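Participant: What follows is a single structure, and I will ask about it in a moment.
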Amino acid sequence: MDISIQFKKGALEICVLVLIHEKDRYGYELAQSVSEHIEVAEGALYPLLRRLVNEGHCTTYLQESSEGPPRKYYKLTPQGEIHMKKLVIEWKRFVSNVSNLIERGNHL
């Protein structure tokens with residue numbers, strides 16, 4: 001198994017929440033924005049978005065598009081913003097601890 005796949009799965013939720021926090025986004029736009037930073041299959045994104053909506057972290061609304069049918073936009077709820085902030089704090093702590101361990105190992 002490619003370990004980078006596991007890293008991506010762990011980071012995807014945080015990336016999606018941060019991007020939606022910046023501004024409301026529709027699915028394809030999210031996929032494009034995430035892909036600028038980490039390679040992710042578009043198919044992995046939609047189950048995550050459904051879960052975030054089901055858990056109350058995001059809501060959706062339709063907005064007309066000049067390029068076709070209306071688009072479903074995702075918006076963070078207040079609960080979602082709290083969830084995102086907690087995940088970011090945990091992520092930073094995790095990355096820092098792993099980085100410190102790796103650096104310690106490099107000095108042996």
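The values are calculated or read from the model by the stated rules, or taken from the named source; none is laboratory data. Quick caveat, the model's predicted, so the values are computed rather than measured. Ligands, DNA and RNA are stripped out before the accessible areas are found, and what is left, the full protein with its side chains, is counted by its heavy atoms. Shrake-Rupley method; radii C 1.70, N 1.55, O 1.52, S 1.80 Å.
Participant: Output the relative contact order of the chain, whole-number percent, from Cα pairs under 8 angstrom with separation of 6+ residues. Spell out each step's value before the answer.
Facilitator: Values: 88 pairs, mean separation 28.3, N = 108.
After rounding, I find 26 percent.
Participant: How much solvent-accessible surface does R93 expose, in Å² to the nearest 10, with a 1.4 Å probe and all protein chains in place?
Facilitator: R93 has an accessible surface of roughly 140 Å² with all protein chains in place.
Participant: Over the range 12-108, one equal point on each Cα, no solvent: what is log10 I(q)/I(0) by the Debye formula at q = 0.11, 0.16, 0.25 Å⁻¹?
Facilitator: Calculated log10 I(q)/I(0) at the listed q: -0.40, -0.72, -1.31.
Participant: Something else about it: Taking the 0 to 90 degree range and rounding to the nearest ten, how far is the long axis of helix 42-54 tilted relative to the main principal axis of the chain, both from C-alpha atoms?
Facilitator: The answer is roughly 80 degrees.
Participant: Of all accessible surface on the range 1-54 at a 1.4 Å probe, what whole percent is carbon and sulfur?
Facilitator: That fraction is 56 percent.
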